[in-house]
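Asks: I'd like to ask you about the structure that follows.
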Amino acid sequence: MTLLVTGASGFVGRQVASLLADEGGYGAVRLTDLTAPPIPIGSGFEAVAFDLATTEHLDALLEGVDRVIHLAAVPGGATEQTPGFARRINVDAPLAILEHLDQAKRPCRFVYASSIAILGPTPLPVDDETVPAPATLYGAHKRMIEIALAQFARRGSIKAVGLRLPGIVARPMGPSGLASAFMSDLFHAALEQRPMTLPVSADASIWILSARRAAWNLIHALHCGIEHGISLTCPALHVTIGQLIQQLFPDPAQVRHARDPELQRLFGSQPALVTPSAAEAGFQSDESLEALTASVFASLRAEAPSIVL
């Protein structure tokens, strides 16, 4: 049988593919995206170009599939700019995949990459009892699929789990469609030893996870004990931007702040985070801010080995 990874050309998708290849033992792996994703050297994985904006021919994409890690999505900022297209990718496509798998009546494990965007801004500490209240279209899309996961799992053939990912770092430089891209840009600026200006204040608080740890958690979700369509908030480090700057920059004065009230509200006001259910199921944050930084810099140097601190 086959493990399908959608959105495999993306930032997190490439990390998932790399870690699957490193760990081994997952059998046939099919990577898909709008263009054929890169295949880890020596992995033997299959790469398939597939446009999820149209869900015709899903039977070919899903042939033999018994496990799915669904990453494909239009990110937050781009969702607001192209709502019709975003709905097709963020809502229609995963629903079509779930319906096809359900109709096949073949047991399937479905791991869904959800987002903390479903929570919305809240001044209160977040825990397992926090009621989702998305404040963006992207968050609403993610919440819709979380609800669908529970319903398809209830029907019996799909063993589903959703994992609400926090800010993942460090994404590549350039347009990403993410309003929270400044979190990743900070790591690039530190690695290149250049100044930058942030749209949030030094006391802005964020939830943050390295890309490698995010990939590890998504793969862990394939075999964790949760099967009933439950969506969990992924463990993450809760830090201030000031703490992150102190960790990254020998001279913190290289970073200036030009506060954007809306970005501060959405991405710089995250309260304390407690995730007992996810922790009990084996999901993990980075061990420390130092460990996260080391992981991110190792990944960035692997992509651009000529850059040295």
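The values are calculated or read from the model by the stated rules, or taken from the named source; none is laboratory data. Keep in mind it's a predicted model, so treat the numbers as computed, not measured. We place every Cβ from the backbone using ideal geometry, glycine too, and count neighbours over all the protein chains shown.
Asks: Among the residues of region 148-195, which ones are at pLDDT 95 or above, surrounded by fewer than 18 Cβ atoms within 10 Å (Cβ to Cβ) and either under 23 Å from GLY10 (Cβ atoms) or among the aliphatic types (A, V, I, L, M) (or both)?
Replies: If the condition is that a residue be at pLDDT 95 or above, surrounded by fewer than 18 Cβ atoms within 10 Å (Cβ to Cβ) and either under 23 Å from GLY10 (Cβ atoms) or among the aliphatic types (A, V, I, L, M) (or both), then ALA150 is the only one that fits.
Asks: Continuing with this model, one more query. Can we say GLY282 is at positive phi, of a type outside the set (Phe, Trp, Tyr) and either assigned to a helix (DSSP H, G or I) or within 20 Å of the chain's Cα centre (by Cα) (or both)?
Replies: Against the criterion (at positive phi, of a type outside the set (Phe, Trp, Tyr) and either assigned to a helix (DSSP H, G or I) or within 20 Å of the chain's Cα centre (by Cα) (or both)), GLY282 qualifies.
Asks: Taking the criterion of being out of contact with any strand residue (DSSP E or B) (no Cβ under 9 Å at 6 or more places or on another chain), loosely packed, with under 13 Cβ neighbours inside 10 Å and not in a helix (DSSP H, G or I), would at least one residue in region 291-303 satisfy it?
Replies: No: zero hits.
Asks: Any residue at all in region 116-136 that is surrounded by 18 or more Cβ atoms within 10 Å (Cβ to Cβ), of a type in the set (A, V, I, L, M) and closer than 18 Å to ALA221 by Cβ?
Replies: yes
Asks: Evaluate region 25-44: report whether one residue or more is of a type in the set (S, T, N, Q), farther than 26 Å from LYS159 by Cβ and crowded, with 21+ Cβ neighbours inside 10 Å.
Replies: Checking region 25-44: not a single residue is of a type in the set (S, T, N, Q), farther than 26 Å from LYS159 by Cβ and crowded, with 21+ Cβ neighbours inside 10 Å.
Asks: Of all residues being without any contact (Cβ under 8 Å) to a residue 60 or more places away in the chain and in contact with a strand residue (DSSP E or B) (Cβ under 7 Å, 6 or more places away or on another chain) in region 234-248, which is farthest from ALA204 (Cα to Cα)? Just the residue, please.
Replies: In this case the residue turns out to be LEU237.
Asks: Is it the case that some residue within region 248-267 is over 19 Å from VAL12 (Cβ atoms) and touching a Lys or Arg at 6+ places or on another chain (Cβ under 8 Å)?
Replies: Within region 248-267, one or more residues are over 19 Å from VAL12 (Cβ atoms) and touching a Lys or Arg at 6+ places or on another chain (Cβ under 8 Å).
Asks: Kindly check whether there is at least one residue in region 98-110 that is closer than 30 Å to GLY268 by Cβ and either among the charged types (D, E, K, R) or crowded, with 24+ Cβ neighbours inside 10 Å (or both).
Replies: no
Asks: Which condition number in (1) of a type outside the set (Phe, Trp, Tyr); (2) more than 16 Å from ALA78 (Cβ to Cβ); (3) crowded, with 19+ Cβ neighbours inside 10 Å is the one that LYS142 fails?
Replies: Condition (2) is where LYS142 drops out.
Asks: Continuing with this model, one more query. Return a yes/no flag: does region 64-77 have any residue that is under 28 Å from LYS105 (Cβ atoms), loosely packed, with under 15 Cβ neighbours inside 10 Å and not acidic (Asp, Glu).
Replies: Looking through region 64-77, at least one residue is under 28 Å from LYS105 (Cβ atoms), loosely packed, with under 15 Cβ neighbours inside 10 Å and not acidic (Asp, Glu).
Asks: Could you check region 114-160 and list, in sequence order, the residues that are part of a helix (DSSP H, G or I), in contact (Cβ under 8 Å) with a residue 40 or more places away in the chain and of a type in the set (Val, Ile, Thr)?
Replies: ILE116, ILE118, ILE145
Asks: Out of the helices (runs of 4 or more DSSP H) lying entirely within region 210-278, which hold 3 or more residues that are modelled with pLDDT under 95?
Replies: Hits in region 210-278: 261-267.
Asks: Just to be sure I understand, how many residues within region 67-87 are at pLDDT below 95 and polar (S, T, N, Q)?
Replies: Result for region 67-87: 2.
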